[in-house]
Amino acid sequence: MPRAEHNISRDDISDNALKVLYRLDKAGFDAYLVGGCVRDLMLGLHPKDFDVVTNATPEQIKGLFRNCRLIGRRFRLAHIVFGREIIEVATFRGHHEQSEPKDKSHQGEQGQLLRDNVFGTIEEDAERRDFTINAMYYNIADYSVTDFANGIKAIKQRRIELIGDAETRYREDPVRMLRAVRFAAKLNMNISDATGKPIVKLGHLLTHVPAARLFEEVIKLLISGNGLQTFKLLLEYKLFGYLFPHIAPQLDDPQSREYRFIQKILINTDNRINTDQRVTPAFTYAAMLWYPIEERSQQLTFESGLTQHDAFNIAMNDVLTEQIQRIMIPKRFSTSMREIWQLQHRLPKRFGRRAYQLLAHPRFRAAYDFLLVRAEVEGGELVELAEWWTEFQDASNDHKKAMLESLRRQEGRRGAPRRRRTRRKKAPTSGSNAQ
Ligand code: ATP
Ligand code: MG
């Protein structure tokens, strides 16, 4: 497709990506934009990053750019670093899939598969890509677009379709099932029959995907601005249970509190992303595990007579430990998740200084947002509690005092049973802390 026949303008391409393309071109190499950025430009969307492919080898690329880092052990890629923007440059990749037998003679000294690093032609590179809409190449030499797999037609028909035989492609890389769903939601397209059919049958292959990779993928699925739609498709294709096995059984019923909770959490996240507000994966992950933890905690209290506090801590640990077998949640997020959960049980206890301490807690805002959604779903006392915190946050100092005073009087009338009981229990062990 020559320049005159498509709508991709250099004005819409990042300056840094153009710099990289032109430098490769000047040095006599082929240089193309490829993948998501070409697809998004064709659709009139703003690409979030720009990927370049070339026939230059990683070493040749490194020779051309001072700001270049080579990464990846199995297949080496070049990252050209421009401050916060990174342009990824890959050498055309050949036909050497991991599905081939692990033949000793092809292993290097460290045991890595050398054949994975065999470079290919642009045609081979295109065949290795996942969806037809992701195999369009924008050539910097003449600004033409080469569409290797009928991606333009698929865009017109708004169709997500894999290149090649769907089942084979999913067996090569099960993450493609998640990607099919992600692109359908993000681009508001339909998954073609041939591409959609095998998913339910092959979903279980996701259990073989490394947990660290799934962490990244799930962020792209749920924290992307189309989380709700993606969630619904994940349920439709029966993939959600492989990601979050604890909560999945409750999600068959759209009226369940679990379903309504996740739905609201995802709507919130989508709104925040679409209005450029900060979001954290900790919040979304915390939501996925909240009701399973509550349930486990109640079960433990009931069966073993543990205190609620202890049962809750054990439930948190157990559910989290089971979850990270599937999806590796990095420590910095799981720490925040625990804080969000623990704060749910601390927010009702507002007496005296506690209210101020909670307000100053680094995770207060997230925990409060979390509480708001729970209140919407569960109603009852939680609504009052959420309203109280809404008012307290913005109240003047005098008004804060008055709110706490009135709370004290109310609780006094009710006899504040919980407070007294915990104090008495602690008294013998904590000595001076008794009164
Ligand atoms: P996004 O807008 O989410 O970045 P993208 O299509 O750019 O979408 P990336 O994960 O950035 O997705 O991948 C870039 C390109 O690499 C894809 O367009 C596709 O051509 C190829 N690709 C990525 N992952 C796979 C995969 N699992 N199998 C085959 N090809 C893939
Ligand atoms: Mg991309």
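FYI, it's all coordinate maths here, none of it is from the lab. Quantities reported herein were computed from a predicted structural model and do not represent experimental measurements. Every residue, glycine as well, gets a Cβ built from its backbone with ideal geometry; the counts of neighbours run over all protein chains shown.
Multiplying the residue separation of residue 84 and residue 306 by 0.36 nm and subtracting their alpha-carbon distance yields 74.9 nm.
A cut-off of 5 Å between modelled amide H atoms, ignoring neighbours fewer than 5 places along the same chain, links residue 131 with 163. With R₀ fixed at 22 Å, the C-beta to C-beta distance from residue 357 to residue 277 puts the FRET efficiency at about 0.25. For the residue pairs 197/264; 186/232; 26/62, the C-alpha atoms sit more than 20 angstrom apart in 197/264. Each pair of Cα atoms in the chain enters the Kirkwood radius, and Stokes-Einstein at 4 °C and 1.567 mPa s then converts it into a translational diffusion coefficient of 51 µm²/s. The phi torsions of the stretch 209-224, fed into the Karplus equation with coefficients 6.51, -1.76 and 1.60 and a -60° offset, translate into couplings of 7, x, 4, 6, 5, 5, 4, 4, 5, 5, 4, 5, 6, 9, 10, 9 Hz, rounded to whole numbers, with Gly and Pro shown as x.
Amide H contacts under 5 Å for residue 191: 160, restricted to partners 5 or more places along the chain or on a different chain, H placed in the peptide plane at 1.01 Å from N.
Of the residues 285, 259, the one with the fewest other Cβ atoms within 10 Å heads the list, and the complete ranking is 259, 285.
What length, rounded to one decimal in nm, is gained on full extension from residue 383 through to residue 335, with 0.36 nm per residue of separation minus their alpha-carbon distance? Display every interim value, and only then the final one.
Values: separation 48, 0.36 × 48 = 17.28 nm, distance 2.67 nm.
Fully extending the segment from residue 383 to residue 335 adds 14.6 nm.
P(r) for the stretch 114-220, from all Cα pairs and a bin width of 10 Å, is 14, 40, 35, 11, 1 %, short bins first.
I need the shape label for the stretch 209-250. Rule: rounded when a/c is under 1.5, else prolate if a/b > b/c, else oblate, with a, b, c from the alpha carbon gyration tensor. It comes out oblate by the Cα gyration axes. If r is the Cβ-Cβ distance from residue 376 to residue 405 and R0 is 35 Å, what FRET efficiency results, to the nearest 0.05? Efficiency, from the Cβ-Cβ distance: 0.75. On the beta carbon distance between residue 157 and residue 74, with R0 = 45 Å, the FRET formula returns roughly 0.80.
Across the stretch 254-321, Cα pairs under 8 Å and at least six residues apart give a relative contact order of 25 percent. What's the angle, to the nearest 10 degrees (0 to 90), between helix 15-26's Cα axis and the longest principal axis of the chain? In the chain, helix 15-26 runs at an angle near 20 degrees to the longest axis. Considering every alpha-carbon pair of the stretch 1-156, the percent of pairs per 5 Å bin, from zero through the bin containing the longest distance, is 2, 9, 18, 21, 19, 15, 9, 5, 2, 1, 0.
Could you check how many percent of all C-alpha pairs in the stretch 306-395 are farther apart than 22 Å?
Result: 34 percent of Cα pairs exceed 22 Å.
Would you calculate a helix-derived [θ] at 222 nm for the chain, using -39,500 (n - 2.57) for each DSSP H run of n ≥ 4 and dividing by the full residue count, to the nearest 500?
Values: 20 runs with 241 residues, N = 435.
That calculation yields -17000 deg cm²/dmol at 222 nm.
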